[in-house]
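Since the structure comes first, as structure tokens, the remarks are kept for the end.
Laboratory data are not the source of any read-out in this text; all were calculated from the coordinates shown. As the structure is a computational prediction, the values presented were derived from the model and not from experiment. For neighbour counting, all protein chains shown are included, and Cβ atoms are generated from backbone atoms with ideal geometry for every residue, glycine included.
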Amino acid sequence: MKQSQLFTKTRREAPKDEVSQNAQLLIRAGYIHKEMAGVYDFLPLGLRVLNKIVNIIREEMNALGGVELQMSALQDRTHWETSGRWDDEVLDVWFKTRLKNGNETGLGTTHEEPLTAVMKDHIRSFRDLPVYAYQFQTKFRNEVRAKSGIMRGREFLMKDLYSFCSTKAEQDYFYEKAKAAYVKIFERLGLGEKTYLTFSSGGSFSKYSHEFQTLTEAGEDTIYVHKAKKLAINKEVLNEEVLSDLGIKREDLVEKKAVEVGNIFNLGTRFSDSLGLVYNDEQGKSQPVVMGSYGIGPSRVMGTIVETFADEKGIVWPEAVAPFNIHLIGLFNNSGSVRAAADKIYRDMTSKGVEVLFDDRDVSAGEKFSDSDLIGIPTRYIVSEKTLAATVDGSIGAIEVKDRKTGKVEMIKI
């Protein structure tokens, strides 16, 4: 992409009504646009990052045996009434509205009920199990407050996978596989070092569920980290029983602020019982399907990455999710030879499949460098009269390469 074709503009100042660092930087760098509190548009650069996060998650879900589908955001209230979660006193984040025919509907906050209802049309026998169905879908939650940028939205993208198994043992086996897949996902996203498998309440379904919490001062959760074991305990469940179960001493834990970037739950037969999802076992006896749910918020992950790695100059993207691999900057100064050389380098790299953002604008070097720091692409290539005249390994003509994270600079042959 040529930067002159990119309609978005960088901003020197953060919007006055935005308090979170992730939203401030993403708005200033032209990645997102704020519609209202908790609601954001993803602009071209932002969409490229979001799609890269989604693709990493998709690859690991497919490797688990997951099958992708797309469900509706509008909800049939009867499924939720059957499960007991339509009432605002039970689930307090509903966005509800009335259709022209007078029927009430809601915008999906999660999809246990509707997907369980779908599976009633497809699961009959033990031969139909297990099923691991997942989607990337926009969720809506009527949050009381939304002050954490894209880390807590009223409208946001969610990956939710649901497992449908014949037995608890089968479900437990998949749960452990999903746990390992989540660890791999956060490693691939560049958050592995700062993300902890965190023990939290399992509710009525199991003794524990697991969150994946990334350390950041912008987080809303308090966790207690055991660095040696690379695990943590949510403040809400920290007690002697949990410490005993995990073989951990209280004095070995360190209190940290963190943001929940993923979670996995055993659901048991809670939803299959209420909605009547059963199968016939090998003896022909009807049995309830055993379920689990597994969530990751790609947009929340994106905000967390910004909070985790940004510096005083702007965003610093890990290579795996950066909108482009290379930020090519041409310092033309009315030099036709520099422009021609930069154009050729751009064409050569793109023809080889390298993702390049080419700053071909006629603006000052200072503005180009400042924008590049703010946008945060991992590697910067600079082409100028100086570099074209430089000699590297006996060859005239070079590119100055700068690493955005470390600031290291080197000259390479064109």
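Across the chain, where is the longest run that never hits trypsin sites (Lys or Arg not before Pro) in a DSSP loop with at most 12 other C-beta atoms within 10 Å? My reading of the result: 17-99 is the longest stretch. Helix 298-309 and the longest principal axis of the Cα set of the chain meet at an angle near 50°.
Here the spin labels are modelled as points 7 Å beyond Cα on the Cα-Cβ line, and at Asn51 and Glu385 they lie 3.9 nm apart. Listed by chain and number, the aspartates and glutamates whose C-alpha is less than 16 Å from the C-alpha of Lys386, apart from same-chain residues fewer than 8 away, are Glu400, Glu410. Converting phi to 3J(HN,Hα) with the Karplus coefficients 6.51, -1.76 and 1.60 and the offset θ = phi - 60°, the range 253-266 yields 9, 10, 6, 9, 8, 8, 10, 6, 9, x, 8, 9, 9, 7 Hz in sequence order, with x at every glycine or proline. Here Thr222, Thr195 are placed in order of increasing Cβ neighbour count within 10 Å, fewest first, which gives Thr222, Thr195.
Annotation: extensible slack from Asp41 through Lys120 equals 24.9 nm (criterion: 0.36 nm per residue apart, minus Cα-Cα distance). Since only Phe186, Gly102, Gly65 are under comparison, the one whose Cα sits farthest along the positive direction of the charge dipole of the range 57-205, derived from C-beta charges on Lys, Arg, Asp and Glu, is Phe186. For a straight C-alpha distance cut-off of 13 angstrom, the aspartates and glutamates reachable from Lys227 (same-chain residues fewer than eight places away being disregarded) are Glu193, Glu251, Asp252, Glu255.
From the helices alone, meaning DSSP H stretches of at least four residues, give me the mean residue ellipticity at 222 nm for the chain, per-run term -39500 (n - 2.57), in deg cm²/dmol to the nearest 500. Walk me through the numbers on the way to the answer.
Working: 11 runs with 121 residues, N = 414.
Result for the chain, helices only: -9000 deg cm²/dmol.
Annotation: for a label point projected 7 angstrom from Cα along Cα→Cβ of Glu68, residues of the range 153-175 with backbone N closer than 18 Å are 157-163. Here the Karplus curve 6.51 cos²θ - 1.76 cosθ + 1.60, taken at θ = phi - 60°, turns the phi angles of the range 98-112 into couplings of 10, 6, 4, 7, x, 6, 8, 9, x, 9, x, 9, 6, 9, 4 Hz, with x standing for Gly and Pro. Length available on full extension from Val392 to Glu170: 0.36 nm per residue minus the Cα-Cα distance, which gives 73.9 nm. Across the range 140-146, computed HN-Hα scalar couplings (Karplus, 6.51 cos²θ - 1.76 cosθ + 1.60, θ = phi - 60°) run 10, 9, 7, 5, 5, 9, 9 Hz from first to last residue, x flagging Gly and Pro. Computed as a quarter of the hull surface, the mean projected area of the alpha carbon convex hull for the chain stands at 25.2 nm².
Using Cβ contacts closer than 10 Å as the measure, can you line up Thr167, Thr304 from fewest to most?
Numbers: Thr167 15, Thr304 30.
Starting with the residue having the fewest Cβ neighbours, the order is Thr167, Thr304.
Exceeding 31 Å between C-alpha atoms, which entries from my cross-link table qualify? They are Lys147/Lys230; Lys52/Lys249; Lys207/Lys257. As for pairs spanning more than 31 Å Cα to Cα, those are Lys52/Lys249.
Distances between placed amide hydrogens fall under 5 Å for Lys2 paired with Phe358, all partners being 5 or more residues away or on another chain.
Among the listed pairs Lys139/Lys352; Lys2/Lys256; Lys194/Lys313; Lys177/Lys285, give every one whose C-alpha distance is greater than 32 Å.
On the way: Lys139/Lys352 38 Å; Lys2/Lys256 42 Å; Lys194/Lys313 22 Å; Lys177/Lys285 28 Å.
In this structure, Lys139/Lys352; Lys2/Lys256 exceed 32 Å between Cα atoms.
Amide H to amide H distances under 5 Å link Val39 with Arg154, where only residues 5 or more positions off or on other chains count and H is placed in the peptide plane.
Residues Leu243, Leu189, Leu26, arranged from fewest to most other Cβ atoms within 10 angstrom of their Cβ, appear as Leu243, Leu189, Leu26.
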